[in-house]
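Student: Mind looking over this structure? Questions follow.
Rule-based calculations on the coordinates, nothing more; no lab input. This is a predicted model, so every value here is computed, not measured. Note that each Cβ is placed from the backbone with ideal geometry, even for glycine, and that neighbours are counted across all protein chains shown.
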There are 2 protein chains.
Amino acid sequence: MTLSSSDQTRVRLLEAAREVFSQCGFQGATVREICRRADANVAAVNYHFGSKDGLLAEALNFSALKALQSDNIAADRCPEIRMRLFIKSFMLLLLDENGASRQCQMMAREMADPTPALDKIVSEAIAPLHEFLAKLIREIIAEPLDESEVRRCVYSLIGQCVFYRNSHPVLQRLRPELRYDQQEIEAIAEHIADFTLAALRIKRPA
Amino acid sequence: MTLSSSDQTRVRLLEAAREVFSQCGFQGATVREICRRADANVAAVNYHFGSKDGLLAEALNFSALKALQSDNIAADRCPEIRMRLFIKSFMLLLLDENGASRQCQMMAREMADPTPALDKIVSEAIAPLHEFLAKLIREIIAEPLDESEVRRCVYSLIGQCVFYRNSHPVLQRLRPELRYDQQEIEAIAEHIADFTLAALRIKRPA
DNA sequence: TTTACTTTCAAACAAGCGTTTGATATGTTG
DNA sequence: CAACATATCAAACGCTTGTTTGAAAGTAAA
């Protein structure tokens with residue numbers, strides 16, 4: 001099955017949309033810029049997706065994030081190792097600069113600036129992610145723990161991770177030589193894992 | 001010394017600007033909305049501040065954040081206690097909902113969406129804050145530590161803190177009953193302090 | 001009161017936005 | 001080929017944005 005010409009511009013639009021949305025946010029992105037990058041007419045967005053909102057809804061795609069979680073569960077490792085593995089692949093998704101994976105970056109954008117699509121993002125991607133992490137943290141602590149306390153540990157972990165993405169403009173100015181290459185990302189991931197696991201071990205019986 | 005009529009609308013504009021900027025971000029805020037809340041004409045912003053950019057520059061004010069740091073240094077306490085004190089007052093600044101202190105919230109906004117004022121914010125407020133925290137962390141660990149490692153600890157701490165502000169729209173949807181009252185903020189601050197200090201103690205000689 | 005200066009205001013401006021339109025091209029089907 | 005549905009396009013629409021304008025109102029000193 002080959003692509004019809006309309007399907008071709010559709011996928012070009014979706015790809016360009018992910019690029020621009022993840023870079024500029026939904027508000028900052030313009031339909032004209034997306035169409036320019038997709039070599040398409042301004043009217044193409046509304047023809048194929050109905051509206052800018054519709055384009056965003058179709059551009060969102062949580063498969064990478066979900067794959068990350070199911071792979072992690074499938075991995076036959078102890079909870080602490082699985083935590084390390086998760087953080088590493090999560091940071092790669094979040095920071096990879098020439099990324100085929102703009103999905104998480106779009107989500108990180110939406111988190112600060114709500115759009116009509118935020119409800120979908122929360123219920124389909126963020127809520128499951130939080131539950132996944134809460135479960136993993138419970139396994140690591142291995143001691144019954146207050147629900148609200150587990151939740152705050154999840155927030156502490158995710159807060160550390162998304163910080164590098166959300167505050168990238170600031171970090172860039174603080175340390176202009178900073179580049180998110182594979183090596184740097186892995187170093188960051190290792191720090192976050194060390195930091196988080198150390199904090200979690202305290203809560204565990206001795 | 002009393003306020004001239006022009007000074008009065010100036011301060012009303014500044015107050016309204018802080019309100020709207022902290023709620024909507026710079027891009028999302030409109031001059032018309034600010035003027036509406038300040039009971040001023042649309043032209044008032046350009047008359048008094050030259051432009052929307054100029055209004056932002058004057059609305060920014062880092063005195064609360066600086067006072068927080070100097071008070072903390074002045075307090076005659078051990079580093080760990082000072083860390084707890086700092087986190088608590090920082091979270092109060094960040095989360096206080098009917099806040100006279102919109103300053104930190106504006107800064108948190110800027111961090112995700114760069115504006116022409118970001119350079120000023122970084123050099124005058126964020127860089128000193130990071131240095132302050134780096135020093136505090138070094139005191140807590142009390143062992144010579146790699147500069148990049150200290151920096152990442154600073155990021156871990158700040159990341160946890162600003163998460164509650166930047167991801168507020170998400171957390172609101174995840175837990176609609178969430179309210180940032182005094183008690184909740186203090187509980188959050190205590191968690192972050194416990195979490196962070198536990199992680200830092202690991203790095204310290206036994 | 002007159003003069004000079006500052007502040008406010010309704011109105012308009014130019015530019016950018018998402019979206020719509022109607023014509024033109026393209027492709028598919030009988 | 002003819003007929004029809006689909007896809008693209010330049011152009012324009014209606015709206016909002018930050019900003020400017022020039023007149024009116026207010027203020028203070030001589």
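Student: Calculate for chain A the 222 nm mean residue ellipticity that helices alone would give, adding -39,500 (n - 2.57) per DSSP H run of length 4 or more and normalising by residue count, nearest 500 deg cm²/dmol. Please list the in-between numbers first.
Tutor: Values: 12 runs with 151 residues, N = 206.
When only DSSP H runs of four or more count, the value is -23000 deg cm²/dmol.
Student: Report the calculated FRET efficiency for A:LEU145 and A:TYR47 (r = Cβ-Cβ distance, R0 = 56 Å), to the nearest 0.05.
Tutor: Working: r = 52 Å, r/R0 = 0.94.
Here the calculated transfer efficiency is 0.60.
Student: Given the pairs A:LYS66/B:LYS52; A:LYS88/A:LYS120; A:LYS88/B:LYS135; A:LYS52/B:LYS52; A:LYS66/B:LYS88; A:LYS52/B:LYS120, which are separated by over 32 angstrom at their Cα positions?
Tutor: Details: A:LYS66/B:LYS52 42 Å; A:LYS88/A:LYS120 26 Å; A:LYS88/B:LYS135 28 Å; A:LYS52/B:LYS52 27 Å; A:LYS66/B:LYS88 35 Å; A:LYS52/B:LYS120 34 Å.
Violating the 32 Å Cα-Cα cut-off are A:LYS66/B:LYS52; A:LYS66/B:LYS88; A:LYS52/B:LYS120.
Student: Right, another one. For the modelled label position 7 Å from the Cα of A:CYS78 along Cα-to-Cβ, which residues of the stretch A:108-145 have backbone nitrogen atoms closer than 14 Å?
Tutor: A:139-142, by backbone N distance to the label point.
Student: Give me B:ASP76, A:ASP113 sorted ascending by neighbouring Cβ count inside 10 Å, so fewest comes first.
Tutor: Values: B:ASP76 7, A:ASP113 20.
Fewest-to-most Cβ neighbours within 10 Å comes out as B:ASP76, A:ASP113.
Student: Next question. Give, in nm to one decimal, the length gained when the segment between B:LYS135 and B:GLN23 is fully stretched (0.36 nm per residue of separation minus the Cα-Cα distance). Could you put the intermediate results ahead of the total?
Tutor: Values: separation 112, 0.36 × 112 = 40.32 nm, distance 3.20 nm.
Fully extending the segment from B:LYS135 to B:GLN23 adds 37.1 nm.
Student: Please compute one quarter of the surface area of the Cα convex hull for the protein assembly as shown and express it in square nanometres.
Tutor: Numbers: hull surface 97.3 nm².
The number I arrive at for the protein assembly as shown is 24.3 nm².
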